[in-house]
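The values are calculated or read from the model by the stated rules, or taken from the named source; none is laboratory data. Predicted, not measured: the structure shown is a model, and the values here were computed from it. Cβ sites come from the backbone with ideal geometry, for glycine too, and all protein chains shown count toward neighbours. Protein only, heavy atoms only, side chains kept; ligands, DNA and RNA dropped before computing areas. Shrake-Rupley method; radii C 1.70, N 1.55, O 1.52, S 1.80 Å.
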Amino acid sequence: MNKVTVFLAFLILISLLINGVTETCVAQQQRKVIGLVLDSSTSEPINGAVAVLRGNYWDDVIKTITNESGIFECSVRVGQPYTIYIYNPHHEKPYVPIYLITKEVGEDLSFTIKLVRGAIVRIEGEFFDIDMDYPARYIAISVQITSGLSLLSSPSGGNITKYGNYPLDVSARNQILNWSANLIYVPSNSNVTLVIEGVWRVATERGVSTVTRTVNMEIPPLTFGSTIVKDLSKETLLRSLSESRNRIDLASLTLNEAQNRGFYLEMEKSDLNRCNDLLKIAERDIDAGRYLSAFSHIKQIKFLSERVKTTIEEFYAEASSSMPFMIALTTLFSVCLSYFIAEKRSIKISLFAVIYIILLLSLYFSYPGSKLYPYELTLLSILISTLIILSLAEFAPKLIREKPSPRGVATMSAIISSFSMAKRNMHRRRFQTVLCIVSTLIMVFAIVVLTSYSSVEGVIITEQPFQPRYKGLLIRNIGRVIVGQSIYKMPVAIPSEIEMMVKSEENVKNVYVRYSSILADNILGELISESGIRKPIYGILALSEDEYKYIGLSELISGSPPKSKGEIVISSLLASELDVTLNSNVYFRGSEYKVVGIIDSDSLLGFRDIDNRIILPSKVYTYVSMEGEIIVSLSPVRSDEVILVSLNDAEKFDLRIISIIVDADEKLFKEIATKFGYLGISSWYTFISKVYLAEFGSMLEVKGGTSAIVPMTIVLLNIFLSFTSLVYARKREVMALSSIGANPTHISIVFLAEAIIIGLIASGIGYPLSLAGYRVLGMMEVGLQVKQKVSALWGVISIATSILVASLGGLYPAYKSAFIIVPSMLRRFRLESEARRGEYEVQIPSKIKKDLIDNFISFSEEWLSRESKGAIVISDIMSTETEEVNGEKIRRLIFRYEYPDGMVRACTFNELLLTLPKNEEFWQIKLKCSPITFSIQSDAVYATTRLVRRMILEWSGGASQIESKFLLEQ
């Protein structure tokens, strides 16, 4: 025992010696700092002033207070410099804070500081700017003295003149000194200017950039100890309002100048009128303290005024760049009109010159691009387009005309002939032609002038495809959340300023603010029953008692909604799992709660807000797929994973505002929703039992659509009826065409050519008239809300539309004309075919010129061989040489035809008999068809006849030939 006692005594002695040496070393490493703080005006000591000494490390901070003699004393470590801040925390006697930077401490320091008497400026509100989408989160404030007491400033110290929460060293200083960022100390009895900078951190493609805006705030001389409150929100909003007014004025000047140049800008004028209305509303909101509402109106003003300027700039660019093409279109129209009206070349050229001059003058006075495009380039464009288009009109038909083939005229030559015939026919029927042209012209005018198609950016209102559960306006902040490899659009936290803005709105009856956990990837806590059963909780909701009643959720609760702290509502499933009932006690995060209500689980899962979203918060689910891949997804929590608490407990659980419901007159919902849309907040509102979504975006805006549909319908009917009557009136003409070898396709093309000419002439006259129509509408101040179509692309669209509509109107009559004289092959077969001993004889209503028979036989053999493919088999093809019987020449083409026919494979044996009577110039054609296998015998003959008909039509011209050398039977 004695040895142990001696050993312990030795250890204690060693420990005391080490502590003594350590204390001696520490005492040797510290030095005293002594300061005397005086009033600069009276040189009296200041009692209670605070001195804070900060070393190189953030934890090396020493705080001390002066005594009645104005002296403070403290010990600091040696070997490093210190920054010493001295200020008076008593606001009834404020002094301008001062700081000084010491050299590296090696000896005791002592100094005297004189503080300048000051006053306090309290900055309230936020920094708004018209060009930014939200208030500045960082504010830098600098104090500048214009007259009065001067402040100290040197590299080693001076009076503090930087306040706010930016940059980082100012924010860090505020944290060390426990200063508020919105309190500014200024010298008393001095004129002071506060230079306030709003700072935004903006994400760009290259990273995060810093954007700053500056406003100067003049502070009058203040007495010692006084405090003044300055409203930064009002100051910056008034500046933004002034900037908005300037932008409206600038946009108005631009608009007036554009109107003087011939642009039609009624929609843009309406936008500027809306800007002036918003300006007045914003002024009222600022006076009433509804700052966020005013900011929303200012954002709308900025957006609309910029849209006006951008639209006019686009009009300038489109009109100027389209001018050469407009001249080319004018030249083309002039050539078409002159060549349509006149026949002789000399008259054509003279008429072209007259029409061209008239249309060019019309273009100059009606098209605004003519005043933007340089005159020398205009003259050059006129010269080039005239030479090119006139040359094409004169020489192109000759160049593209081709030599006839053995069986007919080449395609391009036939097309030219068809248009020439169509033009002469239209000259003979001037009244009907003029009627069709006028109706088509009116359609072109309606499409160009009375309609508007444009991409619009702004707050878009769209009707939703579901019914509302309750009436009201639901405000949400929809954000994009990345979970795993997927991006989800889901509600995120709404800024508290939005709540203030909603509550400040006029004529709003009630505002219901809902709080929620946003996104849980871990449990928020365990709900524990008195019996010790535990259930993990992933979601928490907090609603007011009034909101429960307003949205109808209280009807689903057995008991009552939570009203005060310590009350909770759970689902019936969760109550069953915890084995609790109404008025039972449960525990969550160490606190006791009373179950005041139980809500049906299925009803809770099926309850949806106005936006059709489930009311429950979201949770991140992680699971392993069958392939072993880890899947991360987002989904609402289950009913047994959520609890509903009172608003009084929302702050305790750090819940965020997830939605705001507004109760007001339904007529106000659209206006309120639009206002929030310009702040990037989505809103759903009800109106007459329908749900509408208001959010910022872009869409294709169509105005005056019916103005185009009605004239189009009239033109279709007009051309259809006119051409249909012409078909029967021109029966003899069709007969003549048939007699010279025109097949049904050729006859149809002649009528379609007339429709195409009508469409071309109507667009050629209608488009220049449409351009002049804008000018007339502007002079008459009609105020038609459409965008002017200055792009030359609309000239092409008007040509294409008029030709298309005219062609569609004439399509059926053209088809009808093809068979008014010549019945179809199928119809002739049904009427005249008959069976003799299992063989059908079908007289083919076609004749072949004597010298073309060899060409026809060789073509037919080749064609039948080529058609044999896939399920269709044409075999045993054979032709005979010419034989003579009773003075008639006879040739035969024999073939076997197989094809699928339902459940069987049909087969026919066929002989195409060609006979040339004595002293005749044309071979006659007869088909002898013997069905072998078939479903229905007559259908097999019918199918074979269609095959022969197709072969003959293709030989006679079909797809590649227009005129034929064989005659169709009358």
Inset, instruction - Could you grab the relative contact order for the range 91-201? Cα pairs under 8 Å, six or more apart, rounded to a whole percent. - result: 37 percent
Inset, instruction - Would you tell me the accessible area of I872, worked out with a 1.4 angstrom probe on the heavy atoms of the protein chains, in Å² to the nearest 10? - result: 60 Å²
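If you wrap a convex hull around the alpha carbons of the range 213-330, what volume per residue comes out, as a whole number of Å³? Write out the running numbers ahead of the final one.
Working: hull volume 14.5 nm³, N = 118.
Output value, Cα hull per residue: 123 Å³.
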Legend entry - Most positive-pole-ward Cα, S385, G773, M443, against dipole of the chain from beta carbon charges: S385
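In the chain, what percent of the accessible surface is made up of carbon and sulfur (1.4 Å probe, ligands and nucleic acids excluded)?
Values: 26450 of 47660 Å².
Exposed carbon and sulfur together represent 55 percent of the surface.
With a 1.4 Å probe and every protein chain left in place, work out the accessible area per residue of the range 166-293 in Å², rounded to a whole number.
Numbers: 6120 Å² over 128 residues.
Value for the range 166-293: 48 Å² per residue.
Quick check on packing: order 194-201, 61-68 by the mean number of other C-beta atoms within 10 Å, highest mean leading.
On the way: 194-201: 18.8, 61-68: 14.8.
Descending mean neighbour count gives 194-201, 61-68.
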Legend entry - Positive-end extreme of charge dipole, the chain - chosen from P845, S935, I688 (charges on Cβ): P845
Inset, instruction - Let me see the pair-distance distribution of the range 835-967: every alpha carbon pair, 10 Å bin width, integer percents in order. - result: 12, 42, 34, 11, 1
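Please say if the range 462-701 is rounded, prolate or oblate, where rounded means a/c under 1.5 for a ≥ b ≥ c the square roots of the C-alpha gyration tensor eigenvalues, and otherwise the choice is prolate for a/b larger than b/c and oblate otherwise? Could you put the intermediate results ahead of the total?
Numbers: a/c = 2.00, a/b = 1.35, b/c = 1.48.
Verdict is oblate for the range 462-701.
Taking the Cβ of L100 as the center, what net charge do the other residues with Cβ under 15 Å away carry, scoring Lys and Arg +1 and Asp and Glu -1?
Values: positive: R54, K103, K114, R173; negative: E104.
Computed value for this residue: +3.
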Inset, instruction - Keeping every protein chain in place, order T882, T451, T378 by accessible area at 1.4 Å, biggest value first, i.e. largest first. - result: T882, T378, T451
Inset, instruction - Quick one: which residues, 5 or more positions from L222 or on another chain, have an amide H under 5 Å from its amide H? H modelled 1.01 Å from N in the peptide plane, none for Pro or chain starts. - result: N189, S190
Inset, instruction - Can you work out the accessible area per residue across the range 462-701, with the rest of the protein chains kept in place, probe 1.4 Å, in square angstrom? - result: 47 Å²
Legend entry - Alpha-carbon radius of gyration plus Dmax, which is the widest Cα pair, for the range 30-225 in Å: 18.3, 60
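Could you tell me which of the pairs K114/K234; K234/K489; K93/K230 are separated by over 31 angstrom between their Cα atoms in the structure shown? Working shown, then result.
On the way: K114/K234 36 Å; K234/K489 34 Å; K93/K230 20 Å.
Distance filter (> 31 Å) returns K114/K234; K234/K489.
At a 10 angstrom cut-off on C-beta neighbours, averaged per residue, how do the peptides 113-126, 321-334 rank from highest to lowest? Mind dumping the intermediate values first?
Details: 113-126: 20.4, 321-334: 22.1.
The packing order, highest mean first, is 321-334, 113-126.
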Inset, instruction - Could you go through the range 795-805 in sequence order and give the Karplus-derived ³J(HN,Hα) for each residue, using 6.51 cos²θ - 1.76 cosθ + 1.60 with θ = phi - 60°, rounded to whole Hz, and x for Gly and Pro? - result: x, 5, 5, 5, 5, 4, 5, 5, 5, 5, 5
Inset, instruction - Return a single number: how many Lys pairs in the range 835-967, at a sequence separation of 8 or more or on separate chains, have alpha-carbon atoms below 21 angstrom apart. - result: 20
Inset, instruction - Among DSSP beta bridges lying fully in the range 490-637, give the percent that are antiparallel, nearest 5. - result: 75 percent
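Just add up the charged neighbours of E530: K/R +1, D/E -1, any other residue whose Cβ is under 10 Å from the Cβ of E530.
Working: positive: none; negative: D579, E592.
Net of charged neighbours comes to -2.
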Legend entry - Of K162/K652; K269/K670; K503/K535, pairs whose Cα-Cα distance is over 28 Å: K162/K652; K503/K535
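Give me Rg/Rg_expected for the chain, where Rg uses Cα atoms only and Rg_expected = 2.2 N^0.38 Å with N residues. Can you show the working numbers first?
Working: Rg = 46.3 Å, N = 970, 2.2 N^0.38 = 30.0 Å.
Against the compact-globule rule of thumb, the ratio is 1.54.
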Legend entry - For the chain: relative contact order, % (alpha-carbon pairs under 8 angstrom, 6 or more apart): 10 percent
Legend entry - Angstrom value of the Kirkwood radius, inverse mean 1/r, which spans all Cα pairs in the range 433-547: 20.7 Å
Inset, instruction - Per DSSP H run of at least 4 residues, take -39500 (n - 2.57); add these up for the chain, divide by its residues and hand me the 222 nm value, nearest 500 deg cm²/dmol. - result: -14500 deg cm²/dmol
Legend entry - Cut-off under 5 Å, modelled amide H: who pairs with Q80 long-range: V105
